[in-house]
Amino acid sequence: MANGIILDKEMSNQSFEVNEIVNMFLEELSSFVKQYDFLGSVRYEEYREFNHIEHDYFIQNINNMSPLELVPTIKAIEEHMKEFSKSKGILRFYLKAFILFE
C-alpha cells in the first residue's frame, strides 16, 4: 500500500492513511453494488508508475450487460460513492480512483 495521508481539510477533521481509505472505499463500494443482481464482487488493484499510484476498483458484470445498459447503474454508483467520499473527507481520493467493469 501507499504511504502518506490524504485529507480534504474542508470536508473533515479526520485524516486517514491511504490503505485505510482504499479499504473504506472498497467496503462501501462492495456493499453498494450488492443491490444490483447483475453485478458481482468488487476487487481492488493498485498500479504504480514512477511517483504515480493508480487505484482501480473492478466490478464484475456477471450478465455481460452492454456499456449502454450499464449507464444508469454507473451514474448511481458514481453519485453514491461521491457523496460517501464527501461525507468521509476523502473526496480527493474518489476523484482519482477508477471504477471499472469487467
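Can you give the alpha-carbon Rg of the range 19-101 over 2.2 N^0.38 Å, where N counts its residues?
So the range 19-101 has a normalised radius of gyration of 1.09.
Taking 0.36 nm per residue of sequence separation and subtracting the Cα-Cα distance, how much length would be gained by fully extending the chain between LEU68 and GLU46, in nm to one decimal?
5.2 nm
Using Cα positions and a limit of under 16 Å, work out the aspartates and glutamates in reach of LYS96, with same-chain residues fewer than 8 apart set aside.
Cα-Cα hits under 16 Å: ASP8, GLU17, GLU20, GLU45, GLU46, GLU49, GLU54, ASP56, GLU78, GLU79, GLU83.
Highest mean first, what order results for 45-51, 65-71, 94-100, 17-23 on Cβ atoms within 10 Å?
Ranked from most to least packed, the peptides come out as 17-23, 94-100, 65-71, 45-51.
Taken together, the values in this text are just the output of simple stated rules run on the coordinates, not laboratory data. Keep in mind that what you see is a predicted model, and the values were worked out from it rather than measured. Every residue, glycine among them, receives a Cβ derived from its backbone with ideal geometry; neighbour counts consider all protein chains shown.
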